[in-house]
Amino acid sequence: MSRERHPRRRTRERSDTMRQWRRFLVPLAGAGLVLAACTEDVTDDVADGENVDEAEDTDDADSANAGEFPRNETVYTGGAEWGTYEDWNPNTDGEATFVRGFLYETLFWFDPWEAELKPWLAESGEWIEEDVYEVALRDGITWHDGEQLTADDVKFTFDLRDVPGVEFPELDEWLDEVEVVDDLTVRFHFSDPRAGQWDNVLYDREIVPEHTWGEMDREEIPEASGEDITIGSGAYEYHSHDENRARYERYDDWWATEHLGLEMAARYVVDFRNESNEVAMSQILQNELDLSNFFLPGINQVPEFGESVHTFYSEEPYMLSANTASLIPNHDRSPTDDADLRRALAFSIDVDDIVDTGYQGIVEKADPTGMLPLWLDQGFRDDEVVEEHGFSYDPEEAERILDEAGYVDEDGDGWRETPDGEDMELDFIVPSGWTDWELAAEVIEENLHDVGVNVVLDFVDPGQELDPRRDSGDYDLVFDNQMLLQNHLFAQYFYLYELPVLDEQANRDNPHRVENEHAWELTQELARLGTPPTDDPDDDERFMEIVSELQEITLEDMVIIPLWYNGLWSQVNDSTWTNWPSDDPDTPNYYPTTWANEFMLGGLMTFTEIEPAG
């Protein structure tokens, strides 16, 4: 999985994250937010009544533009796709929205509330030996063309792990062999059994049919668009697409109806692409989107909020937490290679101001460890370590650290110099157009100026300039939000400590370029352990020891500066579909998202629970 080395599809993550976080503050003019000119294109698929010719009665792919989808049978989504719909290949990075989950499925899914894997295509999975993991598939699962899904398909999928360009977390380095025992049983033989890391693969990697993808040369698979062979096992089949939307139609013989009692109420799902959150705000208010995963600041202030429009929480922070946004100092460049300076920066930043000003209360302040609430709730935070090495907003403490470390204003110009007496000007690159991050950067700029640190904001194009500069280490400070919600804490520390550091870190972790061999060894040991509680008390004890030591190393060295939790942006309009996830005990509590990396963390289950309104 690119820039992933472990759990996630990193290049997709980078592109998806760019898509997800490209922000524009929405100008609110009361209810007068309706932008008819902006939304005329998005209504092509919407039929006002029920008495319309259904799309399944025609073979014309363009028919979905002519209003054949009845509104009361169609769910409209948006907020995961900012490119054009052109990649239907589940084996590579960056596939179109819903290719993962709706078309192609995984062996397991991960439930963040219970912090455990749950069987999906697999009926069960277990370590039958120290280095052998066995998966039993459900009986009777078929592909959309009627062929049986068997252990041969699972083996074919995982045997692609050595094909350059196919998405796997360097699995070939620690998985030796995939053995077919019978039609429904497959065994994985490991040279390095990484239990925690393997769990991530089990819910992250889609299974593909050998009888379609196996028809082409292995080396050609990463280059295929996949559009002509969209034969999966999931709840929906590919219907059609154009540049601005992808359309899916329910597969009525979906295996999960018989095996799990699950049904999809919506016959059609249409995912929209648009490049403006202003349009998205208009769409959700006008019931042209049912589920929006766009960043929509001010959604809690519109008249429709609490009536037809809802978020997961009805009050602050409104959103679930999706990842940790941090200030990343460059460890490979002076003066940010100095732990004393990094620590002083941490004490200088007023995160509460960022949360209140930049985000209007729709995000939460991050824990100093950077751990997401999922892991804090599991009790993995070492309170004694945080008490000794943590940080909070304290400008006086920041000034004390700077003074003692020799960062003082010798020439009286108002700015501190380095301990060597050199002028100090920190280059802080910020993605232009991401207005919430721009506002956060301005708060940080003011905070650092208040303690005499000269920082200069450098607003750059997110894709054309920011990515290359971050990946090559051409910066002093930069924001990053790649500590994502995952199944295991090893993912956080892979992000922090992956080695080696290359000249070009594109599609890799450790953008801050820290080189700590001991922390990296601990991280790899952590990846070999399951998340407590397991059946082995000794492993559980060792897990806690490693996590505690990594917290201490990270905070003492101030490797990065965790700031806030980016939200799992989600807004729903319940005029057509109801029973969306929320914190109300009478509704489901799945993660209501269409984002590719989070879809098997409950996004798919969301669609099994919604019901027609009325």
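Rundown of residues vs (1) assigned by the TED database to the domain that holds E116; (2) not in a helix (DSSP H, G or I), yes/no style:
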site: F188; (1), (2): yes, yes
site: S233; (1), (2): no, yes
site: E237; (1), (2): no, yes
site: H241; (1), (2): no, yes
site: H259; (1), (2): no, no
site: A265; (1), (2): no, yes
site: D271; (1), (2): no, yes
site: E278; (1), (2): no, no
site: I284; (1), (2): no, no
Original post:
In the set D403, D411, which member is assigned to a loop (DSSP other than H, G, I, E, B), of a type in the set (D, E) and open to solvent by 70 Å² or more (accessible area, probe 1.4 Å)?
Top reply: D411
Original post:
Which of the residues belonging to the range 372-400 are open to solvent by less than 30 Å² (accessible area, probe 1.4 Å) and in a helix (DSSP H, G or I)?
Top reply: L374, W375, V385, V386, H389, A398
Subject >> Restricting the range 217-226 to residues that are outside any loop (DSSP other than H, G, I, E, B) and not charged (D, E, K, R), the residue that is nearest to Q283 (Cα to Cα) >> reply: P222
Original post:
Does Q524 fit the bill of being open to solvent by 10 Å² or more (accessible area, probe 1.4 Å) and polar (S, T, N, Q)?
Top reply: yes
Original post:
Within the range 436-483, can you find the residues that are part of a strand (DSSP E or B) and open to solvent by less than 20 Å² (accessible area, probe 1.4 Å)?
Top reply: V455, V460, L477, V478, F479, D480, N481, Q482, M483
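Condition check ((1) under 24 Å from D536 (Cβ atoms); (2) in a loop (DSSP other than H, G, I, E, B)) across all residues:
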| site | (1), (2) |
| --- | --- |
| E179 | no, no |
| D192 | yes, yes |
| H211 | no, no |
| E215 | no, yes |
| D228 | no, no |
| R247 | no, no |
Subject >> Residues located in the range 340-366, provided they are surrounded by fewer than 24 Cβ atoms within 10 Å (Cβ to Cβ), touching a helix residue (DSSP H, G or I) at 6+ places or on another chain (Cβ under 6 Å) and of a type in the set (G, A, S) >> reply: G358
Subject >> Cβ pairs under 6 Å, 6+ apart, first in the range 406-425 and in contact (Cβ under 8 Å) with a residue 12 or more places away in the chain, second of a type in the set (D, E, K, R) and open to solvent by 30 Å² or more (accessible area, probe 1.4 Å) >> reply: R416/D409
Original post:
Any residue at all in the range 123-132 that is in contact with a helix residue (DSSP H, G or I) (Cβ under 6 Å, 6 or more places away or on another chain) and open to solvent by 40 Å² or more (accessible area, probe 1.4 Å)?
Top reply: no
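Conditions (1) touching a residue at least 60 places away in the same chain (Cβ under 8 Å); (2) in the same structural domain as D131 (by the TED database); (3) among the hydrophobic types (A, V, I, L, M, F, W, C), marked per residue:
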| residue | (1), (2), (3) |
| --- | --- |
| V456 | no, no, yes |
| R469 | no, no, no |
| F479 | yes, no, yes |
| Q482 | yes, no, no |
| Y495 | no, no, no |
| E498 | yes, no, no |
| D503 | no, no, no |
| N507 | yes, no, no |
| A519 | no, no, yes |
**OP:** Report, by residue number, each residue of the range 195-215 that is farther than 30 Å from D535 by Cβ and either acidic (D, E) or open to solvent by 50 Å² or more (accessible area, probe 1.4 Å) (or both).
**Re:** E210, H211, E215
Original post:
Has the range 309-324 got any residue that is assigned to a helix (DSSP H, G or I), touching a strand residue (DSSP E or B) at 6+ places or on another chain (Cβ under 6 Å) and either modelled with pLDDT of 95 or more or not β-branched (V, I, T) (or both)?
Top reply: no
**OP:** Have a look at G433, G452 and point out the one that is touching a residue at least 24 places away in the same chain (Cβ under 8 Å) and over 26 Å from the mean Cα position of the chain (by Cα).
**Re:** G452
Subject >> From the options D183, D192, residue that is open to solvent by 10 Å² or more (accessible area, probe 1.4 Å), under 30 Å from E263 (Cβ atoms), in contact with an Asp or Glu (Cβ under 9 Å, 6 or more places away or on another chain) and not small (G, A, S) >> reply: D183
Original post:
Would you pick out the residues in the range 72-91 that are open to solvent by 10 Å² or more (accessible area, probe 1.4 Å) and under 17 Å from the mean Cα position of the chain (by Cα)?
Top reply: W82, G83
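Kindly indicate whether I553 is crowded, with 16+ Cβ neighbours inside 10 Å, over 24 Å from the mean Cα position of the chain (by Cα) and under 19 Å from H331 (Cα atoms).
In short, yes.
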Original post:
Would you pick out the residues in the range 228-284 that are open to solvent by 10 Å² or more (accessible area, probe 1.4 Å), in contact with a Gly (Cβ under 8 Å, 6 or more places away or on another chain) and modelled with pLDDT under 95?
Top reply: R273, N274
Original post:
Mind checking whether some residue in the range 569-587 is within 15 Å of the chain's Cα centre (by Cα) and open to solvent by less than 10 Å² (accessible area, probe 1.4 Å)?
Top reply: yes
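The values are calculated or read from the model by the stated rules, or taken from the named source; none is laboratory data. Because the structure is a prediction, the values reported are computed rather than measured. Cβ coordinates were reconstructed from backbone atoms using ideal geometry, including for glycine residues, and neighbour counts include every protein chain displayed. Note: accessible area is taken over every heavy atom of the protein model, side chains too, but ligands, DNA and RNA are not part of it. Shrake-Rupley method; radii C 1.70, N 1.55, O 1.52, S 1.80 Å.
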